[in-house]
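Following: one structure in structure tokens, then a few remarks.
The values are calculated or read from the model by the stated rules, or taken from the named source; none is laboratory data. Computed from a predicted model, the values in this text were never measured in an experiment. Cβ: placed from backbone, ideal geometry, glycine included. Neighbour counts: every protein chain shown. Side chains included, ligands, DNA and RNA excluded: accessible areas come from the protein's heavy atoms. Shrake-Rupley method; radii C 1.70, N 1.55, O 1.52, S 1.80 Å.
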Amino acid sequence: MGTDYVRIFDTTLRDGEQTPGVSLTPEEKMEIAAQLDKLGVDVIEAGFPSASKGEQKAIKDIANAGFRASICALARALRSDIDAALQCDVKYIHTFISTSEVQMKYALNMTPEEVIETAIEAIQYIKDHGAICEFSPMDATRTDIEFLKRVCRAAEEAGADYINIPDTVGIMTPKSMERLIRELREVVKVPLSVHCHNDFGLAVANSLAGVEGGAAQVHVTVNGLGERAGNAALEEVVMGLHLLYNKRTGINTRLLYETSKIVSRLTGVVIQPNKAIVGENAFAHESGIHTRGVVVKPLTFEPFNPELVGRRRKLIAGKHAGRHGIKAELEEAGFQPTEEQLKEIVARVKELGDKGKTVTDADLFAIARTVMGKTAEEKIVELSDLAVVTGVRVIPTASVKLIIDGKEYIAAETGVGPVDAAIKAIQKITSSLANVRLKEYRLEALTGGSDAVAEVIIKVEDNEGNIVSARGAREDIVMASVEAMISGINKILLKRLRKT
Ligand code: KIV
Ligand code: ZN
């Protein structure tokens, strides 16, 4: 495979499942395993058989599913654990024992000599059963270096195929990790691996440094799941290896985003928006300078093409957005606004941004549909002012001021709610022009929060049987409804004019 190939040992289904609050059914584990196999990992650590009967079933099913990746199970350096792993039909066993003073004394209650002996016995037992053996001196990075070297030599002599160096509580720095792996490489010939935890947010950097020091394999989890602050994130380590270190892996990077989504859905662990590679914002640009840059040449503000990891670039309409970005985003979605329409759309987007709102694609398109529909129509009736009163002991009331042919008209009405009251007030003012009634009313809150942009889509009909549909999009439901109703009335009036 060459020295530039780094093996990807995925432990999403073992250490990843140790994420507080995460517990997967055998079916869910199988779905993730199938995706990891498709992704191209070299090893899938499917679980810890001693944990439960369900865990054993899940591992056995995965081991017999015919995947290309090697299927591994975790076992303490105990015969009973190793037997449980062998019964799951795996051909690869990862066995571990604590080697740091604090863990030997307080977690194992064993002397260093007992630890070495136990490790040797476990490795030999695994090898006697014909399985591949990966050995981890747990808490290696807090282990006395001379003792760690002794343990590694003993593990190699006992037949371990790989030695994994766990940074169990995540205390390494890239420098110390690189140095440690270099030092151990002088002691043993078996391929070394690193297993980094993220307690100081350095798991990915330490894994990459481990590879620089000569590690042939990295332990990773999808989305960086794992005990406490998690493990090194597969997607970040792999992209770093490929693009920053010029290394190869078996990973099809175009499946990284899809894999991250599947794991997030099944584990229920949401991905922070600003997470590298797979976070929602990882390829989103908002500021005018950036959006303008990426529209002209993506490389200006992107380290690599998002398609490489199965993603698409996103231009965000917000208060920092510029005309260029908004125009490009609208054009990509098939909108061709005129300069005047674009100006109005940008103004509305910035107005929302100033109120602290993020404008999603759906919001932007709703605004565009409304603005483009509205400026295309002539305005016979225009809104001048609107006031509504509503509450528990108050009858919802709306007062509306409209301008028709340059003259102001005011009406107030009550209704079952403020929307109903406002629409009735509009109908009252415009009844002499056209008796327009609401045939259909649909409200869509486009984004999640209570400050979402609401899109109101209506169908109206007059007493001559003219039917039109219209829409309004505002943060305020009453405003969106009024905008839609006035747009509907204008459309009806224009239709009538064209008939005469
Ligand atoms: O973090 C750790 O030390 C582990 C071991 C089981 C390898 O997960
Ligand atoms: Zn771990």
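Residue by residue, here is whether (1) at pLDDT 95 or above; (2) of a type in the set (A, V, I, L, M); (3) under 26 Å from Tyr5 (Cα atoms) holds:
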| residue | (1), (2), (3) |
| --- | --- |
| Ile93 | yes, yes, yes |
| Ile116 | yes, yes, no |
| Ala122 | yes, yes, no |
| His129 | yes, no, no |
| Arg153 | yes, no, yes |
| Gly159 | yes, no, yes |
**Asked** Which one of these does Ser287 not meet: (1) outside the structural domain of Val43 (by TED's automatic domain parsing); (2) touching a helix residue (DSSP H, G or I) at 6+ places or on another chain (Cβ under 7 Å); (3) of a type in the set (Ser, Thr, Tyr)?
**Response** (2)
**Message:** Regarding the stretch 294-306, can at least one residue be identified that is in a loop (DSSP other than H, G, I, E, B), more than 27 Å from Val371 (Cα to Cα), of a type in the set (A, V, I, L, M, F, W, C) and open to solvent by less than 50 Å² (accessible area, probe 1.4 Å)?
**Reply:** yes
**Prompt:** Would you say Leu208 is open to solvent by 10 Å² or more (accessible area, probe 1.4 Å) and away from ligand 2 (no atom under 12 Å from the Cβ)?
**Reply:** yes
**Complete:** Scanning the stretch 9-50 residue by residue, those closer than 17 Å to Glu235 by Cα, touching an Asp or Glu at 6+ places or on another chain (Cβ under 7 Å), within 16 Å of ligand 1 (Cβ to nearest atom) and not charged (D, E, K, R) turn out to be Phe9, Thr11, Leu13, Val43, Ile44
**Message:** Yes or no: the stretch 152-172 includes at least one residue that is farther than 22 Å from Glu17 by Cβ, open to solvent by 10 Å² or more (accessible area, probe 1.4 Å), among the hydrophobic types (A, V, I, L, M, F, W, C) and within 16 Å of ligand 1 (Cβ to nearest atom).
**Reply:** yes
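Sort through Met138, Met177 and tell me the only one that's hydrophobic (A, V, I, L, M, F, W, C), open to solvent by 40 Å² or more (accessible area, probe 1.4 Å) and within 16 Å of ligand 2 (Cβ to nearest atom). Steps first, please.
Numbers: Met177 fails: open to solvent by 40 Å² or more (accessible area, probe 1.4 Å).
Residue meeting the stated conditions: Met138.
I'd like to check which strands (runs of 3 or more DSSP E) are fully inside the stretch 400-500 and have at least 2 residues that are among the small types (Gly, Ala, Ser), in contact with a helix residue (DSSP H, G or I) (Cβ under 7 Å, 6 or more places away or on another chain) and at pLDDT below 90. Steps first, answer last, please.
Details: elements: 407-414, 437-445, 454-461, 467-474.
Counting at least 2 such residues, we get 467-474.
Go over the candidates Thr397, Thr390 one by one and state the one that is surrounded by 17 or more Cβ atoms within 10 Å (Cβ to Cβ), more than 12 Å from Val482 (Cα to Cα) and among the polar types (S, T, N, Q). Step through it out loud before you land on a result.
Working: Thr390 fails: surrounded by 17 or more Cβ atoms within 10 Å (Cβ to Cβ).
After ruling out the rest, the residue left standing is Thr397.
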**Prompt:** Of the conditions (1) closer than 30 Å to Lys261 by Cβ; (2) open to solvent by less than 10 Å² (accessible area, probe 1.4 Å); (3) part of a helix (DSSP H, G or I), Ala328 fails just one. Which one is it?
**Reply:** (2)
**Prompt:** List the pairs whose first member sits in the stretch 222-247 and is on the phi > 0 side of the Ramachandran plot, whose second member is away from ligand 2 (no atom under 15 Å from the Cβ) and open to solvent by 20 Å² or more (accessible area, probe 1.4 Å), and whose Cβ atoms are under 6 Å apart, counting only residues at least 6 apart or on separate chains?
**Reply:** Asn223/Ile271
**Request:** Please specify each residue of the stretch 214-231 satisfying the condition of being over 15 Å from Asp42 (Cβ atoms) and either within 10 Å of ligand 2 (Cβ to nearest atom) or at pLDDT below 95 (or both).
**Result:** Gly226, Glu227, Arg228, Gly230, Asn231
**Item:** Tally of residues being in contact (Cβ under 8 Å) with a residue 24 or more places away in the chain and at positive phi across the stretch 57-97
**Value:** 1
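Residues are listed down the side, and each one gets a yes or a no for (1) within 29 Å of the chain's Cα centre (by Cα); (2) surrounded by fewer than 24 Cβ atoms within 10 Å (Cβ to Cβ):
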| residue | (1), (2) |
| --- | --- |
| Ile44 | yes, no |
| Ser52 | no, yes |
| Lys60 | no, yes |
| Gly66 | no, yes |
| Ala69 | yes, yes |
| Ala77 | no, no |
| Asp81 | no, yes |
| Ala85 | no, no |
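I need a count of the residues in the stretch 400-433 that are closer than 18 Å to Gly472 by Cβ, among the β-branched types (Val, Ile, Thr), surrounded by fewer than 17 Cβ atoms within 10 Å (Cβ to Cβ) and within 42 Å of the chain's Cα centre (by Cα). Before you say what the answer is, go through the steps one by one.
From the stretch 400-433, those closer than 18 Å to Gly472 by Cβ are 400-403, 415, 417-427, 429-430; that's our starting set.
Subset that is among the β-branched types (Val, Ile, Thr): 400, 403, 419, 423, 426, 429-430.
After this cut, where a residue has to be surrounded by fewer than 17 Cβ atoms within 10 Å (Cβ to Cβ) as well, the list is 403.
So of that shortlist, the ones also within 42 Å of the chain's Cα centre (by Cα) come out as none.
So the count comes out to 0.
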**Request:** Please report, ordered by residue number, the helices (runs of 4 or more DSSP H) entirely within the stretch 189-280 with at least 1 residues that are within 13 Å of ligand 1 (Cβ to nearest atom).
**Result:** 203-212
**Of the criteria (1) open to solvent by less than 40 Å² (accessible area, probe 1.4 Å); (2) within 16 Å of ligand 2 (Cβ to nearest atom); (3) part of a helix (DSSP H, G or I), which one Ala107 fails** = (1)
**Prompt:** Counting only residues that are more than 16 Å from ligand 2 (Cβ to nearest atom), open to solvent by less than 50 Å² (accessible area, probe 1.4 Å) and in contact with a Lys or Arg (Cβ under 8 Å, 6 or more places away or on another chain), how many does the stretch 1-23 have?
**Reply:** 2
